[in-house]
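Notes follow once the structure below has been shown.
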Amino acid sequence: MTNPRAPLATTTSRGIVLDLIRSEGPVSRVELAEHTGLTQATMSTVVRQLILDGLVLETGRSESTGGKPRVLLNINPDARFAVGVQLGADFITFVVTNLSGAVVGRTRTRGVGDESPDRVIERIADRIGRLLASLDIATPLVAGIGIVAPGPLDLEAGRILAPPTLTTWGDFPVRAALQRATGLPVTLDNDATAAAIGEFWGGTVANAAAHCTVYMAAGIGAGIVLGGTVYRGASSNAGELGQLWVDDPTGKTPGGTVEDLAGPRAVAGRARALIGAGHAAGFELSPDGDPFRDFDLIATAAVHGNPFARELIERSAEQLATAIVNLANILDLDSVVLAGPSFATAGSLYLTAAVTRLQQRFFARARHPVDVRLSAHVADAAAVGGAALILQQELSPRATELAGRARRRPG
C-alpha cells in the first residue's frame, strides 16, 4: 500500500536509487549497487524502505545464468503524480504525469489573453481540480504543480517579470497565487528550460553532452543542458533565443530579433500584410485576427502544399535555423530538440531547415554531427517538463544529476 506521506527522497542515496529504478527498471539490487557505488548493505536498506513506502515494487526475477535468479525492482508508477502547466498567450496546457514520467492526462484551454492574472489563476486552479478528478487521483498523491512561463522570471521570488508575450503579468507572484488557489506545492520555471528538462527526464537525450531544446509557442526560447546540468545564467534567464538579433537572409527586411522575424506573430502579420496588398492566399485567416490562430491556419495550409503558406513558413524556418546554427556554434551542441505548440503542425518544415543549415554551417561538423529531432511531446513539452520538475525536486535535483551521470558512464 502506498504511503502518500512518505517522502520520495530523504537522502541523496535514496534519491539516486529511486531515480535509477525509475529510469532503468526492471533492475536488480546488484545492478543498482554497481551503478551507484553503494554497498550491498546500504542498497538493501534503501530498497527495503522504498518498498515499505509503496514507491518501489518487486516485479519478478531475472532469467537464471547459472546462479540464483535476481529479484527485479520497478517503480510503482501510481505512488505519486505531478501536474505540469504551461502558461502562454496562445494556450494554457495541462498535463498529469505519474512517478515513472508517463503522461496520464492532458488538456488545453485558451491562453491568457487580456484577462487579469488573478482571473487566469482561478481558471487554472479549477481546470487542475477537474482534471485530477477525471483521473480519480486523490490530492494527497499529488506531489505538486510545476508552472512554466516565458521569461524573464524571478525564480527565487516566484514571480513573472515582464515577458513580451504576457504584457499584463508584470511582476506577478504566480507561484504564491497558484499555491493559495490549489493548496498544493508550486514550482515556477522557464518554459524552454522546462521543456529541456522534460527531454532528459524522459530519456530522449540522456546521452547528449551539449543539448538545446528550442521552444516555440507565442515566443521563442532555448533550454540549455550542458554535461547533464541545466545552464541557467546569472539570474536563471539564460536561453532567450528569440531576443537574438539576426539579419533577414532574404534581404527583404533590415533584420530584427529572431522572434520579430520568425515567431508566430511575425508570420501571421506578414500574411495579413501580403493579403492586404492583394496577394491571393488560397485560404481564410481567422475572422477575429488572432495571430496564433492565424499561424495555425498558415501552418496547416503549408503542410498541405499551399504555396503562399509554404513560403511564409519556410521563411520563418530559415530565420530560426540561422539562430540555431549560431547557438550550436557558440555551445558546440551535439543535440537539438524542437518543441512547443508552434511546431505541432509544421514542425517537419522547421526540422528540415534546421538539419540542412546545421549540415552546411555548423563549425565542428567535421568532428561530430548535431542530432536534431522533434520532441515526442511537441505540443505540450513544456508542461511535461513542469511536471518533471516536481518529480525531480522530490527525488532531489542533485540525486537526479548524479543518476544521469551514472547512466552515461561508458562501459
Matching option when the condition is touching a helix residue (DSSP H, G or I) at 6+ places or on another chain (Cβ under 9 Å), closer than 17 Å to Arg265 by Cβ and assigned by TED's automatic domain parsing to the domain that holds Thr257, among Phe283, Phe292 = Phe292
Hey, among the residues in region 179-208 that are more than 20 Å from the chain's Cα centre (by Cα) and assigned to a helix (DSSP H, G or I), which one's surrounded by the fewest Cβ atoms within 10 Å (Cβ to Cβ)?
-> Arg180
List the pairs whose first member sits in region 374-396 and is free of Cβ contacts under 8 Å to residues at least 40 places away in the same chain, whose second member is aliphatic (A, V, I, L, M), and whose Cβ atoms are under 9 Å apart, counting only residues at least 6 apart or on separate chains?
-> Leu374/Val337; Leu374/Leu338; Leu374/Ala339; Leu374/Leu351
Among (1) at positive phi; (2) surrounded by fewer than 21 Cβ atoms within 10 Å (Cβ to Cβ); (3) part of a strand (DSSP E or B), which single condition is Gly144 missing?
-> (2)
Which of (1) touching a strand residue (DSSP E or B) at 6+ places or on another chain (Cβ under 8 Å); (2) under 21 Å from Gln179 (Cα atoms) is the odd one out, the single condition Val71 does not satisfy?
-> (2)
Just checking, which of Gly101, Gly129, Gly151, Gly105 is assigned to a strand (DSSP E or B) and either among the aliphatic types (A, V, I, L, M) or not assigned by TED's automatic domain parsing to the domain that holds Ser235 (or both)?
-> Gly105
Scan region 270-310 residue by residue and report those that are in contact with a Lys or Arg (Cβ under 9 Å, 6 or more places away or on another chain), in a helix (DSSP H, G or I) and free of Cβ contacts under 8 Å to residues at least 24 places away in the same chain.
-> Ala301
For Pro117, indicate whether it is more than 21 Å from Pro185 (Cβ to Cβ) and in contact with a Ser or Thr (Cβ under 8 Å, 6 or more places away or on another chain).
-> no
Residue count for region 334-353, restricted to those that are in contact with a strand residue (DSSP E or B) (Cβ under 9 Å, 6 or more places away or on another chain), in a helix (DSSP H, G or I) and surrounded by fewer than 22 Cβ atoms within 10 Å (Cβ to Cβ) | 2
Can you tell me which residues in region 215-224 are over 18 Å from Phe292 (Cα atoms) and either aliphatic (A, V, I, L, M) or outside the structural domain of Leu338 (by TED's automatic domain parsing) (or both)?
-> Ala222, Ile224
Which of the residues that make up region 221-251 are in a strand (DSSP E or B), closer than 26 Å to Asp90 by Cβ and over 13 Å from the mean Cα position of the chain (by Cα)?
-> Trp245, Val246
Residues of region 81-98 satisfying the condition of being touching a helix residue (DSSP H, G or I) at 6+ places or on another chain (Cβ under 6 Å) and not in a strand (DSSP E or B) = Asp90
Do you know which residues across region 33-60 are on the phi > 0 side of the Ramachandran plot and either in contact (Cβ under 8 Å) with a residue 12 or more places away in the chain or not in a loop (DSSP other than H, G, I, E, B) (or both)?
-> Gly54, Gly60
Index of the failed condition, Asp136 passing every other in (1) at negative phi; (2) more than 21 Å from the chain's Cα centre (by Cα) = (1)
Out of (1) at negative phi; (2) of a type outside the set (Val, Ile, Thr); (3) modelled with pLDDT under 95, the odd one out for Gly278 is which?
-> (1)
Which residues, counting only those in region 359-386, are outside any helix (DSSP H, G or I) and surrounded by 15 or more Cβ atoms within 10 Å (Cβ to Cβ)?
-> Phe362, Val370, Asp371, Val372, Arg373, Leu374, Ser375, His377
Criterion: more than 30 Å from Arg365 (Cα to Cα), surrounded by fewer than 15 Cβ atoms within 10 Å (Cβ to Cβ) and more than 23 Å from the chain's Cα centre (by Cα) - qualifying residue of Ala309, Ala280, Ala302 = Ala280
Those residues of region 161-191 which are in contact with a Pro (Cβ under 8 Å, 6 or more places away or on another chain), within 23 Å of Ala222 (Cβ to Cβ) and among the hydrophobic types (A, V, I, L, M, F, W, C) amount to Leu161, Ala162, Leu166, Trp169, Val174
Report yes if Gly111 is modelled with pLDDT under 95 and of a type in the set (Gly, Ala, Ser), otherwise no.
-> yes
Return yes when Thr250 is modelled with pLDDT under 95 and touching a helix residue (DSSP H, G or I) at 6+ places or on another chain (Cβ under 9 Å) and no when it is not.
-> yes
If we scan region 164-174, do we find a residue that is farther than 26 Å from Ala125 by Cα, crowded, with 17+ Cβ neighbours inside 10 Å and modelled with pLDDT under 95?
-> no
Of the residues that sit in region 209-220 and are buried (at least 24 other Cβ atoms within 10 Å of the Cβ) and assigned to a loop (DSSP other than H, G, I, E, B), which one is nearest to the chain's Cα centre (by Cα)?
-> Ala217
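The values are calculated or read from the model by the stated rules, or taken from the named source; none is laboratory data. Source: prediction; values computed, not measured. Ideal geometry is used to build each Cβ from the backbone, glycine not excepted, and the neighbour counts take in all protein chains shown.
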